[in-house]
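The values are calculated or read from the model by the stated rules, or taken from the named source; none is laboratory data. From a predicted model like this one, the values you see are computed outputs, not experimental measurements. Here the Cβ positions follow ideal geometry from the backbone for every residue, glycine too, while neighbour counts run over all protein chains shown. Surface accessibility is based on the protein's heavy atoms, side chains included, excluding ligands, DNA and RNA. Shrake-Rupley method; radii C 1.70, N 1.55, O 1.52, S 1.80 Å.
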Amino acid sequence: MSVMSFAHDLGVSIRSLRRRPTYTLLATTLVALGVGTVTAIFTVVNASLLRPLPYARPNELYAIRGTEPSGDSVTNVALGYFQFARYREGTRAFSAVEGYTPVTMKFLGNGEPEPVTGALVSAGFFDALGWQPAMGRTFTRAEELSQSGVIIISHGYWQRRYGGRADIVGQVANVDEQPRTIIGVMPREFSMLFQRADAWAPLPLDAQMQARRARAIAGIARMRPGVTVAQAEADLKALNQTLAAERPEEHRFTDTRVITLREWLFGAQRTTLIVLMVAGCLLLAIAIVNAVSLSLSDAYGRRTATMTRLAFGAERGHIVRLRLIEVGAIASAGLAIGFLASQAAVRLAYAIDPALLSSLGAGALDASVIAVALVAVLIVGVFVALPTALMESRFSLAGLAGTLTKSGADVKERRRRDMLLGAQVALAVILLVSATLLARNIRALLSQPTGFRQEGVTVVELTFSPSRYKTVADRAEYARRLLEAVHGIPGVTSAATIQTRFVLNEMMLSLFEIEGQPLEPGVQRFVNIRHVTPAVANVLGIRLRSGRMFAETDRLDSPPVAIVSATFARQYFPGDDPVGKRMRRVVTDPAPWMEIVGVVDDIRDAGVGVELGPTLFVSYYQQNTQMARPTIVVRSTADPSALFPSLRRAIWSVDPNQTIDRVTQLEDLMSRSASQPRFAAVVAGVLASCAALLVLAGIYAVTLYAVVRRTRELGVRAALGASSLNLIWTTIQRSMIPATAGVVVGVVAAVPMASRMSRMLTNGFTADDFPALVAVAVGVIAVAGIAALIPARRALAISPSIAMRDNA
């Protein structure tokens, strides 16, 4: 076929489509919806699970996670300073072992103190990732000191704070009340492991830091070519044995896991993204089925015109070619609309919650996304064009003459439409069941008891200056003065501090031992620790089960005391009251023994659905560390719009240089911690709603088409005295029978699918979910009946005279 011939046929097809605006609009919308949905979801899946990470030779990058036995389980822990230093010097499996610790830095000058999210990184961290500063240099090992005096900033922060000045390298910034020289600016495209960071300082690894037992380093390593994960773990295990010999109290049971960097970054999202991708493909399948049904109906409705053209000598191949060109034009328009809509949807989702879709920060669109869009539209085009073209190719002149073959063709055509309708309904039921289970999961998460009252509580996140408040006494006195200033705000009824920011999976683990309960060889005990001030129970409404809460007199000069959670008491003092017993943290040598003075309800302050397990509370006035970042919690009757500025003024009245990281309502923080399952539920709900609308539109179209096709038959029935109910049932049964069959098939298929989704659900898939399956099935059948009933009512308006006239 020549170019001129194709251009002529394209013009004929476009004019034909313009004369059928309803068909053209519906078909284009179906293609756009299916292609757009799959492309949008694949954009996220690709960025997280498929696209190469934006680092040099990303397949060589691995995360190193420490593990410690804890009872019958294994606890993942960060690396210690001494442990990390030995790994870096002694490994043979890795060409580089680097690490980082997230921190918030305080930049002073130019107005209010500014909190800046950043990290302490080892000297070779940027080199290991394959990035170099756009300006300046990276750190040296000689600068891995607490008082190194150097800093690297991001391109974005360079632009925002310093206006992109060309002489930025060498300038001195006031960071945490200490002068630091800016030695580099990272490129605009650099992403620090998909985490927000605007400033980097050297990770302190001097002898003083290595003497500490704190574990706060996330390890990143580049594996040597030819080395396997098993060999790398064996290499680190040998180093762990050396650590155990040198520091048995700290590393006697230490082990290490090595996982790919991608698994470490996005492994938790894999199940959610795969489920959403499957849901998107199901919606694409529904759209295809609807488009096929629509195209076949259009071809059947135009069969007289097509057979007339054949009677006047038109070539059958030319008619088929025109149909293929029509479908190609519709698919092209649907591709353009769907692709643009998908990218707009992705950008909107990223704007709403960039933390949840952090992988998109490095750019969402690449060649693979475009390829998926093209493949999706090609699949749609093939599935729509071929059946329609084959149908038109079988039209014969005998059909135009009204031979007996017409009824046989009608039966085949009806069966084909019934199968397509049933398939649509089955796929829609599967999507609806998925969305229903995910929505139930969200409700279950949000309804779980947290052990504290969220309403009316404001959370103020702070980072104390390590240079100004160096000792336990300094930090305790500063916290007391801050709370005193906050108490003076009108409307504030109580205020306290707690060592948590109420974000998802925020854990602060510590080893501990109990007096009189010696540990068996190979066993360690871990507890989540919370440094709090005495009024925390009043602010959060934490219920005391036995003993007492902390008092203002629990200070440095008084005997150390502790409070434990109900789970702690149940697990370590079964059938006994722990009040009066003694325990101590295995942190310093020797650690002070603490008397347990109270037992409180379990709390869930690390996000909805996250169990803290055994929890230890200690008084911030009595024990604290630089790493125990305090968060002020305030119970108030004041409106947040008035309270937030008052809180800032009160805090700055105590220390004008204190950074305030964030001021938020506690209810908002807890709600955000469920953002990932909520996102999955919302997307699945949107997809299920689209699928339901497509199915309802299909049922409506099938029933309306049946009414139009059976006008004579219905007229004859009316003339013979058929009741209105009989006429309506005769009409809608053609749609309801395949729809009901589709519901049954969908429910049967949804059961194993729901079982596979159990990993995403808080309580798994249980017998309690079967009523939801039944509700979905009944709901789909009911709504399908309504969708069929609306066009079926046209049968009542058919006059018996039509049948008499048509048979005259």
Quiz prompt | Residue that is least open to solvent (accessible area, probe 1.4 Å), among those in the stretch 18-56 that are not hydrophobic (A, V, I, L, M, F, W, C) and not in a helix (DSSP H, G or I) | solution = 55
Quiz prompt | Residue identified as aliphatic (A, V, I, L, M), touching a residue at least 40 places away in the same chain (Cβ under 8 Å) and either over 30 Å from residue 438 (Cβ atoms) or in a strand (DSSP E or B) (or both) among 591, 606, 628 | solution = 628
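Could you identify the single residue in 600, 610 that is among the β-branched types (Val, Ile, Thr), out of contact with any Pro (no Cβ under 8 Å at 6 or more places or on another chain) and either open to solvent by 70 Å² or more (accessible area, probe 1.4 Å) or at pLDDT below 95 (or both)? Outline the logic, then answer.
Values: 600 fails: either open to solvent by 70 Å² or more (accessible area, probe 1.4 Å) or at pLDDT below 95 (or both).
Going through 600, 610 in turn, the sole match is 610.
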Self-check item: Candidate set: the stretch 446-462, residues that are of a type in the set (S, T, N, Q) and either more than 28 Å from the chain's Cα centre (by Cα) or at pLDDT 90 or above (or both); chosen: the one least open to solvent (accessible area, probe 1.4 Å)
Solution: 458
Quiz item: Just for the stretch 710-761: of the residues that are touching a Leu at 6+ places or on another chain (Cβ under 9 Å), at pLDDT 75 or above and not hydrophobic (A, V, I, L, M, F, W, C), which one is nearest to residue 272 (Cα to Cα)?
Solution: 746
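Considering only the stretch 785-803, state which residues are at pLDDT 70 or above, open to solvent by 80 Å² or more (accessible area, probe 1.4 Å) and not hydrophobic (A, V, I, L, M, F, W, C).
Answer for the stretch 785-803, where residues must be at pLDDT 70 or above, open to solvent by 80 Å² or more (accessible area, probe 1.4 Å) and not hydrophobic (A, V, I, L, M, F, W, C): just 793.
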Self-check item: Subset of the stretch 57-71 [of a type in the set (D, E, K, R) and either within 26 Å of residue 216 (Cβ to Cβ) or crowded, with 18+ Cβ neighbours inside 10 Å (or both)]
Solution: 60, 65, 68
Quiz prompt | Count of residues meeting criterion [over 13 Å from residue 62 (Cα atoms) and part of a helix (DSSP H, G or I)] in the stretch 215-230 | solution = 0
Quiz item: Do we find that residue 187 is assigned to a strand (DSSP E or B) and either over 30 Å from residue 587 (Cβ atoms) or modelled with pLDDT of 95 or more (or both) in this structure?
Solution: no
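Output the residues belonging to the stretch 575-596 that are out of contact with any Ser or Thr (no Cβ under 7 Å at 6 or more places or on another chain), farther than 27 Å from residue 249 by Cβ and not charged (D, E, K, R). Talk me through it step by step, then tell me what you get.
Within the stretch 575-596, the subset out of contact with any Ser or Thr (no Cβ under 7 Å at 6 or more places or on another chain) is 575-576, 578, 580-584, 586, 588-596.
Filter once more, so that each one left must be farther than 27 Å from residue 249 by Cβ: 575-576.
Correct list: 575 only.
Quick check on this structure: which one of 278, 320 is without any contact (Cβ under 8 Å) to a residue 12 or more places away in the chain, assigned to a helix (DSSP H, G or I) and out of contact with any Phe, Trp or Tyr (no Cβ under 7 Å at 6 or more places or on another chain)? Can you show your working first?
Details: 320 fails: without any contact (Cβ under 8 Å) to a residue 12 or more places away in the chain.
Result of the check over 278, 320: 278.
Let me confirm something: among 586, 579, which residue is touching a residue at least 12 places away in the same chain (Cβ under 8 Å), among the aliphatic types (A, V, I, L, M) and more than 17 Å from residue 601 (Cα to Cα)?
586
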Quiz item: With (1) under 18 Å from residue 458 (Cα atoms); (2) over 32 Å from the mean Cα position of the chain (by Cα); (3) at pLDDT 95 or above as the list, and residue 488 as the residue in question, which single condition is left unmet?
Solution: (3)
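Answer yes if at least one residue in the stretch 480-491 is among the small types (Gly, Ala, Ser), outside any loop (DSSP other than H, G, I, E, B) and over 24 Å from residue 564 (Cα atoms), and no otherwise. Show your work before the answer.
Step one: of the stretch 480-491, the residues among the small types (Gly, Ala, Ser) are 485, 488, 491.
After this cut, where a residue has to be outside any loop (DSSP other than H, G, I, E, B) as well, the list is 485.
Next, from what is left, pick out any that are over 24 Å from residue 564 (Cα atoms): 485.
Looking through the stretch 480-491, at least one residue is among the small types (Gly, Ala, Ser), outside any loop (DSSP other than H, G, I, E, B) and over 24 Å from residue 564 (Cα atoms).
For the stretch 642-695, how many residues meet the condition of being among the small types (Gly, Ala, Ser), more than 16 Å from the chain's Cα centre (by Cα) and either surrounded by 21 or more Cβ atoms within 10 Å (Cβ to Cβ) or outside any helix (DSSP H, G or I) (or both)?
Quick first cut of the stretch 642-695, residues among the small types (Gly, Ala, Ser) only: 642, 646, 650, 653, 671, 673-675, 680-681, 684-685, 688-689, 691-692.
Next, from what is left, pick out any that are more than 16 Å from the chain's Cα centre (by Cα): 642, 646, 650, 653, 688-689, 691-692.
So of that shortlist, the ones also either surrounded by 21 or more Cβ atoms within 10 Å (Cβ to Cβ) or outside any helix (DSSP H, G or I) (or both) come out as 650, 688, 691-692.
Looking only at that region, the number is 4.
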Quiz item: Is there any pair linking a residue in the stretch 710-739 that is outside any helix (DSSP H, G or I) to one that is at pLDDT 70 or above and of a type in the set (Lys, Arg), with Cβ under 9 Å and at least six apart or on different chains, and which?
Solution: 710/734
Quiz item: If residue 15 satisfies every condition in (1) of a type in the set (D, E, K, R); (2) open to solvent by 30 Å² or more (accessible area, probe 1.4 Å); (3) touching a residue at least 24 places away in the same chain (Cβ under 8 Å) but one, which is the exception?
Solution: (3)
Practice problem: Just one of (1) farther than 30 Å from residue 649 by Cα; (2) surrounded by 21 or more Cβ atoms within 10 Å (Cβ to Cβ) trips up residue 5, so point out which. | Solution: (2)
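Take residue 80 and tell me if it is closer than 25 Å to residue 626 by Cα, surrounded by 18 or more Cβ atoms within 10 Å (Cβ to Cβ) and modelled with pLDDT under 95.
On the way: closer than 25 Å to residue 626 by Cα: yes; surrounded by 18 or more Cβ atoms within 10 Å (Cβ to Cβ): yes; modelled with pLDDT under 95: yes.
Taking the combined requirement at face value, the residue satisfies it.
Would you point out which residue out of 71, 34, 111, 99 is at pLDDT below 90, of a type outside the set (Val, Ile, Thr) and in contact with a helix residue (DSSP H, G or I) (Cβ under 7 Å, 6 or more places away or on another chain)?
Details: 71 fails: in contact with a helix residue (DSSP H, G or I) (Cβ under 7 Å, 6 or more places away or on another chain); 111 fails: in contact with a helix residue (DSSP H, G or I) (Cβ under 7 Å, 6 or more places away or on another chain); 99 fails: at pLDDT below 90.
From the options 71, 34, 111, 99, the qualifying one is 34.
Return the residue satisfying two criteria in turn: it lies in the stretch 463-494 and is of a type in the set (S, T, N, Q) and within 24 Å of residue 116 (Cα to Cα), and of such residues it is surrounded by the most Cβ atoms within 10 Å (Cβ to Cβ). Break it down stepwise before answering.
Looking only at the stretch 463-494, we keep the residues that are of a type in the set (S, T, N, Q), and these are 463, 465, 467, 471, 493-494.
Then keep just the ones that are within 24 Å of residue 116 (Cα to Cα); that gives 463, 465, 467, 471.
Details: 463: 19, 465: 22, 467: 13, 471: 11.
Restricting to residues being of a type in the set (S, T, N, Q) and within 24 Å of residue 116 (Cα to Cα), the top hit is 465.
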Quiz item: Scanning the stretch 521-579 for residues that are hydroxyl-bearing (Ser, Thr, Tyr) and either surrounded by 20 or more Cβ atoms within 10 Å (Cβ to Cβ) or under 26 Å from residue 77 (Cα atoms) (or both), which turns out farthest from the chain's Cα centre (by Cα)?
Solution: 572
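Hey, can you tell me all the residues within the stretch 60-102 that are of a type outside the set (D, E, K, R) and free of Cβ contacts under 8 Å to residues at least 60 places away in the same chain? Lay out the reasoning, then the answer.
So the first thing to find is which residues in the stretch 60-102 are of a type outside the set (D, E, K, R), and the list is 61-64, 66-67, 69-71, 73-85, 87, 90-91, 93-97, 99-102.
Once the filter is applied, which keeps residues that are of a type outside the set (D, E, K, R) and free of Cβ contacts under 8 Å to residues at least 60 places away in the same chain, the stretch 60-102 yields only 73.
Is one or more of the residues making up the stretch 201-210 open to solvent by 60 Å² or more (accessible area, probe 1.4 Å), over 30 Å from residue 520 (Cα atoms) and not in a strand (DSSP E or B)? Don't jump to the end; show me each part of the working.
Applying the first criterion (open to solvent by 60 Å² or more (accessible area, probe 1.4 Å)) to the stretch 201-210 yields 207-208.
If we keep only those that are over 30 Å from residue 520 (Cα atoms) as well, we get 207-208.
The next check asks that each one be not in a strand (DSSP E or B); those that pass are 207-208.
Looking for residues that are open to solvent by 60 Å² or more (accessible area, probe 1.4 Å), over 30 Å from residue 520 (Cα atoms) and not in a strand (DSSP E or B), one finds at least one in the stretch 201-210, hence yes.
Find the residue count for the stretch 419-445, including only residues that are over 21 Å from the mean Cα position of the chain (by Cα) and either modelled with pLDDT under 80 or crowded, with 19+ Cβ neighbours inside 10 Å (or both).
Applying the first criterion (over 21 Å from the mean Cα position of the chain (by Cα)) to the stretch 419-445 yields 419-430.
If we keep only those that are either modelled with pLDDT under 80 or crowded, with 19+ Cβ neighbours inside 10 Å (or both) too, we end up with 420-430.
The number of residues fulfilling the criteria is 11.
Does the stretch 110-142 hold any residues that are open to solvent by less than 30 Å² (accessible area, probe 1.4 Å) and outside any loop (DSSP other than H, G, I, E, B), and which are they?
116, 118, 119, 121, 125, 126, 128, 129
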Self-check item: First in the stretch 773-784 and over 13 Å from residue 736 (Cα atoms) and open to solvent by 60 Å² or more (accessible area, probe 1.4 Å), second anywhere and at pLDDT 85 or above and not basic (Lys, Arg), Cβ under 9 Å, 6 or more apart
Solution: 774/747
